[in-house]
Amino acid sequence: MALPTYASTGQRVWHYSFRVLCGFIFFFLIAPIMVVIPLSFNSQDFFTFTKEMLSFDPAGYSLKHYRDFFGNPDWQDALWNSVKIAPAATLLSVSLGTLAAIGLSQPHVPFRRAIMATLISPMIVPLIISAAGMYFFYSRMGLAGTYWGVVLAHAALGIPFVIITVTATLVGFDRSLTRAAASMGADPVTTFFRVQMPLILPGVISGALFAFITSFDEVVVVIFVGSAKQQTLPWQMFTGLREQISPTILAVATILVAISILLLATVEMLRRRSEKLRGMSPT
């Protein structure tokens, strides 16, 4: 946003100082990621930049760590576990979170603020506490060390994101549409899928993407609840850092960063579409 011509000297100083401050914060957040990406193409088994890399010598760059990731059975088993667990947890999070958001959006629901606070508490409580609690609870239920135990744990972490995004979408929802559908003989299920769901779909998909990212990148809970058979990609990365320092971890990290950027870009597109549907101008 450009400054108006009549802006005072103080306003101009604040305007440009604020931009510089935002630039420093952005650099502080992005710099660690920008360091990891070029290191993943290192031709040597080092975690530092070699002389060849700093001089932009092609001999200093290689795809060997990516080949190791796609050719190593341990990494591929971990990837397959993540691919199995994350979509199942996402589906469960979307189903339960969407229903919870729709129910809590009704003004006649008693104690809905307290219920909302309870449902989104996994976002607030330190993850190590949630992981320990899940371990003791799932052990009693016989779910510790099983795929379904990890799926349920990741779903519990993803539900708050779905609730928040769907609730935000429901703020501009015209409830007279559902009443009109009911007056024409549509049952609640038909009204939901034919009238309500198309309008809140951007929020549902956004919540699903956040839930998927949460499950795909999560490591603490799966260490507590899972077993060696459920070793996911982040768990394999953590093990690699602890037991063997392999630059393949950098290649995996770069792939995860690319996936996260793609998903977040999709979330932003859906946010803009949701604002247009509600008659708002995206900023």
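The values are calculated or read from the model by the stated rules, or taken from the named source; none is laboratory data. Please read all numbers here as calculations on a predicted model, not as lab measurements. Quick reminder, even Gly has a Cβ in these numbers, built from the backbone with ideal geometry, and neighbours come from all protein chains shown.
If only residues of the stretch 188-215 that are crowded, with 19+ Cβ neighbours inside 10 Å and hydroxyl-bearing (Ser, Thr, Tyr) are counted, the one that is farthest from Gly158 (Cα to Cα) is Ser206.
If you check Ala131, Ala144, Ala153, Ala89 for being out of contact with any Asp or Glu (no Cβ under 8 Å at 6 or more places or on another chain), buried (at least 18 other Cβ atoms within 10 Å of the Cβ), assigned to a loop (DSSP other than H, G, I, E, B) and not aromatic (Phe, Trp, Tyr), only one passes: Ala144. Is at least one residue of the stretch 267-279 modelled with pLDDT under 90 and either within 20 Å of Val150 (Cβ to Cβ) or outside any helix (DSSP H, G or I) (or both)? Yes: the stretch 267-279 contains one or more residues that are modelled with pLDDT under 90 and either within 20 Å of Val150 (Cβ to Cβ) or outside any helix (DSSP H, G or I) (or both). Among the residues of the stretch 228-266, those identified as in a helix (DSSP H, G or I), buried (at least 21 other Cβ atoms within 10 Å of the Cβ) and β-branched (Val, Ile, Thr) are Thr248, Ile249, Val252.
Out of Ser105, Ser95, I need the residue that is more than 19 Å from the chain's Cα centre (by Cα), within 25 Å of Pro198 (Cα to Cα) and among the hydroxyl-bearing types (Ser, Thr, Tyr). Which one?
Values: Ser95 fails: more than 19 Å from the chain's Cα centre (by Cα).
Just a single option satisfies the conditions, and that option is Ser105.
The combined condition, being without any contact (Cβ under 8 Å) to a residue 12 or more places away in the chain and outside any helix (DSSP H, G or I), is fulfilled by Pro110.
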